[in-house]
1. Mind counting the residues in segment 139-150 that are surrounded by 18 or more Cβ atoms within 10 Å (Cβ to Cβ) and either charged (D, E, K, R) or over 15 Å from His183 (Cβ atoms) (or both)?
2. Does Pro64 fit the bill of being assigned to a helix (DSSP H, G or I), modelled with pLDDT under 85 and farther than 30 Å from Gln128 by Cα?
3. Report yes if Ala45 is modelled with pLDDT of 55 or more, under 28 Å from Thr130 (Cα atoms) and either aromatic (Phe, Trp, Tyr) or open to solvent by 70 Å² or more (accessible area, probe 1.4 Å) (or both), otherwise no.
4. Within segment 165-174, is there a residue that is open to solvent by less than 30 Å² (accessible area, probe 1.4 Å), over 19 Å from Ala51 (Cα atoms), modelled with pLDDT of 90 or more and not hydroxyl-bearing (Ser, Thr, Tyr)?
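The values are calculated or read from the model by the stated rules, or taken from the named source; none is laboratory data. This one's a predicted model, so the numbers in the text were calculated from it and none came from an experiment. Glycine also receives a Cβ, built like all others from the backbone with ideal geometry; neighbour counts cover every protein chain displayed. Note: accessible area is taken over every heavy atom of the protein model, side chains too, but ligands, DNA and RNA are not part of it. Shrake-Rupley method; radii C 1.70, N 1.55, O 1.52, S 1.80 Å.
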Amino acid sequence: MSQNPSVSELTSQYAAQVTADLERNAKEQERIGGEIASLQEQLTALQRDHAVLVSIQQAIDIAPASAEPAAPSADVTVPAPRKKAEAKTGKDKRAGTKTGTRRTARSATAKVAATKPADKAEGAKSAQPTLVDLVRRHLGEQREPRSAAEIATALGAAHPERGVKTTVVRTTLEGLVAKTQAHRTKQGSSVFYTAADASKQAAPSQSEAQPVPTDA
């Protein structure tokens, strides 16, 4: 009879300990689950930025090539058929050679005419500056640091047809920072960007603002 209270006491202690362990385990699962969700969001953002960076890299690699003039078609000049025509004899052969030469010339003319609209379209596309050029130019014109949202708003107002997005502008700015063509500063939770040569550009502008002395 004296052992029953001790067994009951031990049972209650174990029950209380198990209950506490269960609560602690549930809280730990909740904490780790929150960290996993946060890490998943960061991974998704990094994957999205990676895709944007890849598209920008492809645009940068393709843009200079589109600016080059298209090489003339090799089919425009056809000296070989003329040499063969001179070697042939007979009226029928000469007539057939003339007809083939005329067809080749018309085909070459049609190809040149067909390539001209494409060349004009490529020239119009290459004449437009890339987003990297727009961001770099806008950043160089600013005297104070600007955030990615401010730059995206300004470029969107100046070029509404391009559909400028803040995420793309931020990725472009980070690319300029990586190439030391821009500087990044952090104020609290906000990130601001300045051109790498902003300090160099500020000095000449101040000197130009001073009046130049003239001889009386």
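1. Count: 1.
2. Here the answer is no, as Pro64 does not meet what is asked.
3. Here the answer is no, as Ala45 does not meet what is asked.
4. No, segment 165-174 contains no residue that is open to solvent by less than 30 Å² (accessible area, probe 1.4 Å), over 19 Å from Ala51 (Cα atoms), modelled with pLDDT of 90 or more and not hydroxyl-bearing (Ser, Thr, Tyr).
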